[in-house]
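Quick note: the coordinates plus some simple rules give every number you see, no bench work behind them. Worth saying up front: this structure is predicted, and the values here are computed from it rather than measured. Cβ placement follows ideal geometry from the backbone for every residue including glycine, while neighbour counts extend to all protein chains displayed.
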Amino acid sequence: MEASRADPLSGVDRTRQRTRWRRGLLFQEAVEGYLMVLPWLLGFLVFTAGPMLASAVLAFTSYDILTPAKFVGLANLSLMLRDPLFLKSLGNTAYYTFIGVPLHVTVALLAALLLNLRRPGINFYRTAYYMPSITPAVANALLWLWIFNPDFGLANIVLGAFHLPPQKWLWSVREATPSFILMSLWGLGSQMVVFLAGLQNVPQQLHEAAQMDGAGVLARFRFVTLPMLSPIILFNLVLAVIGSFQVFTVAFIATNGGPENATLYYVLYLYENGFSFFKMGYASALAWVLFVIILIFTLIQFKLSRHWVYYEGEIRQGSGEG
């Protein structure tokens with residue numbers, strides 16, 4: 001009698017029930033996932049996306065905080081073209097970028113090559129080179145103000161030991177930006193660590209094969225290490241360019257744009273317009289112009305990277321398809 005009883009659920013019903021159970025489980029997982037990202041999402045909307053949209057609106061207005069915003073269209077953009085300090089700040093930032101970024105990336109790569117050697121105590125040196133990059137920017141600025149002090153600074157003491165004339169450093173129109181570029185080398189630890197990770201991921205068999213073919217140290221570095229590091233170089237280059245266009249803290253503390261606006265960098269000028277002169281509309285327009293400039297430079301770098309960046313996976317896939 002029991003064996004002949006019919007199954008209350010047919011095969012179709014069991015499949016539908018299983019499908020509904022899976023959909024319920026997926027829905028539950030989706031709800032839990034959205035709840036997990038909700039704090040970040042709210043923070044992004046309130047503190048990032050919201051201010052960006054507000055600044056995009058303010059860029060077309062004249063707004064001094066104390067009075068209601070007044071729509072002026074493209075007047076802020078027209079004012080930029082006639083503003084000598086806008087052009088001065090843009091020129092100072094371009095000088096800092098085009099000289100400082102290649103030097104910064106090169107020195108970081110050289111430091112990573114040295115710290116990639118297997119020597120006793122190498123971990124101590126890696127930590128020592130990295131520590132300045134996580135030191136607060138204010139502390140770094142105060143330290144370098146003492147080092148570059150023209151009267152009793154360490155830099156002039158070192159120059160005097162080699163019988164070289166003292167320099168004015170940050171207090172000289174001609175030497176101010178080169179001094180800031182030297183200061184930026186103090187914080188190359190982050191890029192150095194990324195390069196070091198890339199160097200340790202270069203396949204050792206490639207070096208061994210090149211060495212068996214008679215390649216020397218420089219040849220292996222040029223034809224093995226650099227191609228394998230090219231994606232890392234691109235990554236550090238893009239971040240360095242973005243960071244150089246946003247230099248602010250050290251200049252604000254050390255020189256506040258002086259002497260004679262020699263260190264009036266773009267973001268510092270943007271800050272002065274917004275929070276010193278209360279020209280929030282003009283400052284918002286400056287911010288969006290900076291966004292466009294950084295976007296253009298980033299796109300150019302990615303466009304040019306097709307000619308020099310080596311992606312091992314893509315080339316292998318292409319060769320396999322061919």
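Give me a comma-separated list of calculated 3J(HN,Hα) values for the range 179-191, in order, Karplus coefficients 6.51, -1.76, 1.60 applied at θ = phi - 60°, integers in Hz, x for any Gly or Pro. Here the 3J(HN,Hα) series is 5, 5, 5, 5, 4, 5, 5, 5, x, 7, x, 5, 5 Hz. Taking the Cα centre of the range 1-145 as reference, the dipole from Cβ charges on Lys and Arg (+1) and Asp and Glu (-1) amounts to some 400 debye. Which angle from 0 to 90°, rounded to the nearest 10, does the C-alpha axis of helix 226-245 make with the longest principal axis of the chain? Helix 226-245 sits at roughly 60 degrees to that axis. Listed options for P(r) over Cα pairs in 10 Å bins from 0, in percent are (i) 5, 20, 25, 21, 17, 8, 3, 1, 0; (ii) 5, 17, 22, 21, 16, 9, 5, 3, 2, 1, 0, 0; (iii) 6, 29, 39, 23, 4, 0. The value calculated from this structure is the one marked (ii).
Efficiency by 1/(1 + (r/R0)^6): what FRET value for residue 70 and residue 190, r their Cβ-Cβ distance, R0 = 35 Å, to the nearest 0.05? Don't jump to the answer; show the numbers that get you there.
Numbers: r = 43 Å, r/R0 = 1.23.
Calculated transfer efficiency: 0.20.
Between the helical axis of 11-44 and the dominant principal axis of the chain, each derived from Cα atoms, what acute angle in degrees is found, rounded to the nearest 10? Tilt relative to the chain: about 20 degrees. Cross-link reach is defined here as a Cα-Cα straight distance under 27 Å, omitting same-chain residues fewer than 8 places apart; for residue 70 the lysines meeting it are 279.
Take 82-94, 196-208, 238-250 and order them by the average number of nearby Cβ atoms within 10 Å per residue, most first; the result is 238-250, 82-94, 196-208. Within the range 149-255, the trypsin sites (Lys or Arg not before Pro) that combine a DSSP coil assignment with at most 13 other C-beta atoms in a 10 angstrom radius are 174. Note on residue 99 and residue 80: their simple-model spin labels are 2.5 nm apart, each label 7 Å out from Cα toward Cβ.
Rounded to the nearest 20 debye, the dipole size of the chain about its Cα centre is 380 debye, using +1 on the Cβ of Lys and Arg and -1 on the Cβ of Asp and Glu. Extension gain for residue 208 to residue 16 (0.36 nm times residue separation, less C-alpha to C-alpha distance): 63.1 nm.
Please report the relative contact order for the range 75-321, taking Cα pairs under 8 Å with a sequence separation of at least 6, and give it as a percent rounded to a whole number.
Values: 242 pairs, mean separation 66.6, N = 247.
In percent, rounded to a whole number, it is 27.
For the chain, find the longest principal axis of its Cα atoms and tell me its angle to the long axis of helix 137-147, 0 to 90°, nearest 10. The two axes meet at around 20 degrees. For residue 168, the lysines whose Cα comes closer than 23 Å to its Cα, not counting residues fewer than 8 places off in the same chain, are 88.
Highest average first, the peptides 294-302, 281-289, 66-74 ordered by how many other beta carbon atoms sit within 10 Å of their residues are 281-289, 294-302, 66-74.
Positive-end ranking of 104, 163, 226 along the dipole of the chain, with charges on Cβ about the Cα centre, is headed by 226. Looking at the range 121-171, the chymotrypsin sites (Phe, Trp or Tyr not before Pro) that sit in a DSSP loop and have at most 16 other Cβ atoms within 10 Å of their own Cβ are 152, 162. Scanning residues 5 or more positions from residue 61 or on other chains, those with amide H under 5 Å from its amide H are 72, with H placed 1.01 Å from N in the peptide plane.
Modelled spin labels at residue 230 and residue 123, positioned 7 Å past Cα toward Cβ, are 3.6 nm from each other. Considering the options 30, 58, 46, tell which one lies farthest towards the positive end of the dipole of the range 11-58, charges being +1 on Lys and Arg and -1 on Asp and Glu at the Cβ, about the Cα centre. Result: 30.
With R₀ set to 45 Å, the beta-carbon distance separating residue 138 from residue 23 gives a calculated FRET efficiency near 0.25. Which of the three applies to the range 11-58, rounded, prolate or oblate, going by the alpha-carbon gyration tensor with a ≥ b ≥ c and a/c under 1.5 meaning rounded? Cα axes put the range 11-58 in the prolate bin.
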